[in-house]
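Here is the structure we will look at.
The values are calculated or read from the model by the stated rules, or taken from the named source; none is laboratory data. From a predicted model like this one, the values you see are computed outputs, not experimental measurements. Here Cβ is always computed from backbone atoms with ideal geometry, including for glycine, and neighbour counts include all displayed protein chains.
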Amino acid sequence: MGYIVLGIIIVAVLYVVAIYNGLVAKKNQIDNGFAQIEVQLKRRYDLIPNLIEVAKKYMAHEKETLEAVINARNQAYNSLANVKGHSDDAKAISEFNQAEQGLAGAMSKMSFVMEAYPELKANENMMQLSEELTTTENRISYARQAYNDFVLDFNTYRQSFPQNLFTGIFGFTNDAKMLEFEDSQAMQTAPKVSF
């Protein structure tokens, strides 16, 4: 009889350990998913100043538009640092989403203004930067989808029974937040405008 009770206790402890390890593994997937997004976002943030430098030569009368893009880029860059490692911080995720939306809007406006400068659209450097930016946007979209899949998997596991009985004890008290850019279509189409 004592061996049966001891066996039940051992199985229960192993089950609780498995729940904890599952939560940790899924949280680590989220962190890795965000790291993949971060790599692509930093690539985009590095491309934007180069794009602005090329555009400055042709768009001397559009200083306000160019400054808006740089300001939006800087705000998005700073919000990226604030959200890193805080996938369960709704405020940080919301600010990040807003900053990315602001950058998408600024880039879209710049693309629209550039239509009035055919010599800029024909510039070889601008065409190359535009292609790199489009490729990067596609990578960001793919990485964001993978991240959101990891978040969904973590949240589902965390909310499911019996894991939900232990999440507070283990410190997994909040759901992870998805990255949802309100105007993701503009985000994807803005850089695809041929310059």
Out of curiosity, is Arg73 out of contact with any Cys (no Cβ under 9 Å at 6 or more places or on another chain) and within 18 Å of Asn125 (Cα to Cα)?
no
Under 6 Å between Cβ atoms, at least 6 apart or on separate chains: pull out the pairs that start in the stretch 123-135 with a residue that is touching a residue at least 24 places away in the same chain (Cβ under 8 Å) and end on any residue that is in a loop (DSSP other than H, G, I, E, B).
Met126/Phe195; Ser130/Phe195
The stretch 68-90 - residue that is assigned to a helix (DSSP H, G or I) and modelled with pLDDT under 90 and, of those, surrounded by the most Cβ atoms within 10 Å (Cβ to Cβ):
Val83
Just a yes or no: is a residue in the stretch 42-63 among the hydrophobic types (A, V, I, L, M, F, W, C), outside any helix (DSSP H, G or I) and surrounded by 14 or more Cβ atoms within 10 Å (Cβ to Cβ)?
yes
Is it true that some residue in the stretch 91-98 is among the basic types (Lys, Arg), closer than 30 Å to Phe154 by Cα, outside any loop (DSSP other than H, G, I, E, B) and at pLDDT 85 or above?
yes
